[in-house]
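Undergrad: Here it is: the structure, laid out below.
The values are calculated or read from the model by the stated rules, or taken from the named source; none is laboratory data. Since this is a predicted model, take the numbers as computed values, not measurements. As a convention, Cβ positions derive from the backbone with ideal geometry for all residues, glycine included, and neighbour counts pool all protein chains shown. These accessible areas exclude ligands, DNA and RNA; they are computed on the full protein's heavy atoms, side chains included. Shrake-Rupley method; radii C 1.70, N 1.55, O 1.52, S 1.80 Å.
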Amino acid sequence: MAIRNKGKRLDAYVKDYVVFDLETTGINPDRDAIIEISALKVCGGQTAGEYSTLVNPRRHIPAAATAVNGITDGMVADAPEIGEAMEGFLEFAGNGILVGHNIHTFDMNFAYDAAWTALGKELGNDYIDTLYMARRCLPGLGHYKLTDVAAYFHIATEGAHRALNDCRMNQGCYEELGKLWEERKRKEEAGGAGDAAGEEPSCPLCGSLLYIRKGRYGKFYGCGNFPSCRFTKKL
């Protein structure tokens with residue numbers, strides 16, 4: 001099996017990024033297809049542009065998918081096919097850091113496969129998954145769907161599960177999570193507060209969180225971006 005040359009998942013807050021979201025016919029990248037792609041380009045916390053298109057999957061959209069996102073066969077009948085839609089997204093995103101919710105195991109896989117299959121291009125952008133950030137910054141929340149995180153920050157959730165609406169919602173969540181993330185980093189830099197409070201520090205090489213792991217010689221910190229980053233640190 002060929003190795004995917006994906007970008008790295010980062011645990012960080014950055015001021016300039018591209019938040020994106022996909023709607024699909026199902027949850028399996030090997031069997032299902034993208035039916036909507038949306039993205040917002042954000043510079044210094046402000047929206048600088050948007051890209052959004054429905055996608056004709058050249059197949060019937062299952063009723064279960066329509067029940068979630070409201071997208072029907074009729075809505076995509078005149079939409080561009082995946083090659084054109086993905087080309088537009090790649091051009092819009094450029095080399096920017098991608099931000100999305102639950103993209104590490106879902107959206108990035110669909111987008112990477114679509115870019116490679118339809119265009120012969122690799123999606124190598126580094127990316128930030130706000131699901132991981134929310135779990136770290138809001139440990140007592142309990143549930144971490146995008147709407148749960150948005151509700152915590154009093155961000156409107158109307159129109160959820162349409163890609164552009166989810167992008168706008170997630171932009172707001174990421175900016176709020178970024179404030180908590182930066183505060184946590186300041187405490188760590190001020191005196192290792194992260195370690196003292198039982199919170200794992202950040203990797204000095206790639207910025208991802210270090211997680212406590214158990215190896216042959218005992219417990220140690222390992223980079224959450226393994227195997228892309230193999231940094232370790234003794235406890």
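Undergrad: Suppose we keep only residues that are at pLDDT 75 or above and not basic (K, R) within segment 212-228. Which one would you say is nearest to G178 (Cα to Cα)?
TA: Checked segment 212-228; the qualifying residue nearest to G178 (Cα to Cα) is C223.
Undergrad: Among the residues of segment 117-162, which ones are within 15 Å of C173 (Cβ to Cβ), touching a strand residue (DSSP E or B) at 6+ places or on another chain (Cβ under 7 Å) and open to solvent by less than 40 Å² (accessible area, probe 1.4 Å)?
TA: Correct list: I128, D129, T130.
Undergrad: If you go through segment 199-211 one residue at a time, do you hit one that is at pLDDT 95 or above, surrounded by 15 or more Cβ atoms within 10 Å (Cβ to Cβ) and under 21 Å from R9 (Cβ atoms)?
TA: No.
Quick grid of which residues meet (1) open to solvent by less than 40 Å² (accessible area, probe 1.4 Å); (2) more than 23 Å from Y127 (Cβ to Cβ):
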residue: I27; (1), (2): no, no
residue: R31; (1), (2): no, yes
residue: E36; (1), (2): yes, no
residue: L40; (1), (2): yes, no
residue: A48; (1), (2): no, no
residue: P57; (1), (2): yes, yes
residue: A63; (1), (2): no, yes
residue: A67; (1), (2): no, yes
